[in-house]
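Here's the structure we're looking at; comments come further down.
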Amino acid sequence: MMDSGRYQEASLRNSSLERSTAHEVAHQWWYNLVGNDQINEPWLDEGITEFATAYYFEKRYGTPGRESYYSRQVDTTIDFIKNNPRHMLDPLPDFTSHGEYFAEVYVSGVLFYEDLRIRIGEDELLEFLRSYLETFKYKNVSLQEFIEFLKGKNYEALDESFYDKWFNH
Ligand SMILES: [Zn+2]
């Protein structure tokens, strides 16, 4: 993961050491503390970890970091996601290439948590993440448990259309 070639890349590049480090460090929480079935439900850890990666660039570099992340990861894949028959909740073996897997499972995670942040607000999102960690650390969480946990928060901003949009496939 931390191949020396990555040291040569500028920080705001997909293949940079900084990007890989941010992503892999976020897995210390999402996958290592809160476990999940990474073959059958890979979105649970990769989606939240990739959101953490985008969030890192936003917090580290401000608006330019956020814009840079979006222009290279999200803007380039959003049409692909819309038109691709695969869904972010599909199991790993259903994906035919790394590009497809990355777009659906990782980038859709960024879009999901961004949508959540827009709806419930940033403070609530961070509180949700803390509470998710506290509740599921040292355990394996399933997608069903994740959805039930989110629904259990009873956020007024999340109606059935939100759950339909993201989890119906
Ligand atoms: Zn990952």
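Annotation: of all residues in the stretch 44-53 being in contact with a helix residue (DSSP H, G or I) (Cβ under 6 Å, 6 or more places away or on another chain) and either of a type in the set (D, E, K, R) or not in a helix (DSSP H, G or I) (or both), the one that is nearest to the ligand (Cβ to nearest atom) is 46. Would you mind stating whether residue 41 is more than 13 Å from the ligand (Cβ to nearest atom), within 17 Å of residue 107 (Cα to Cα) and assigned to a loop (DSSP other than H, G, I, E, B)? Judged against the criteria, residue 41 is a match.
In the stretch 54-71, what residues are within 16 Å of the ligand (Cβ to nearest atom) and under 16 Å from residue 105 (Cα atoms)? Result: 54, single match.
Annotation: of all residues in the stretch 1-32 being among the small types (Gly, Ala, Ser) and either in a helix (DSSP H, G or I) or under 24 Å from residue 140 (Cα atoms) (or both), the one that is modelled with the highest pLDDT is 26.
When the stretch 112-140 is filtered for residues that are surrounded by 13 or more Cβ atoms within 10 Å (Cβ to Cβ) and on the phi > 0 side of the Ramachandran plot, only 121 remains.
For the stretch 72-79, the count of residues that are away from the ligand (no atom under 11 Å from the Cβ), assigned to a helix (DSSP H, G or I), at pLDDT below 95 and among the acidic types (Asp, Glu) is nonzero. When residue 37 is tested against the conditions (1) within 20 Å of residue 129 (Cα to Cα); (2) surrounded by fewer than 14 Cβ atoms within 10 Å (Cβ to Cβ), the lone failure is (2). Hey, among the residues in the stretch 92-106 that are aliphatic (A, V, I, L, M) and in contact (Cβ under 8 Å) with a residue 40 or more places away in the chain, which one's surrounded by the most Cβ atoms within 10 Å (Cβ to Cβ)? Residue satisfying both the conditions and the ranking: 105. Which of the residues that make up the stretch 20-38 are within 20 Å of residue 112 (Cβ to Cβ), within 11 Å of the ligand (Cβ to nearest atom) and not polar (S, T, N, Q)? Across the stretch 20-38, the qualifying residues are 22, 23, 26, 27, 30, 31.
The values are calculated or read from the model by the stated rules, or taken from the named source; none is laboratory data. Small disclaimer: the values here were computed from a predicted structure and weren't measured. Cβ atoms come from the backbone with ideal geometry, glycine included; neighbour counts cover every protein chain shown.
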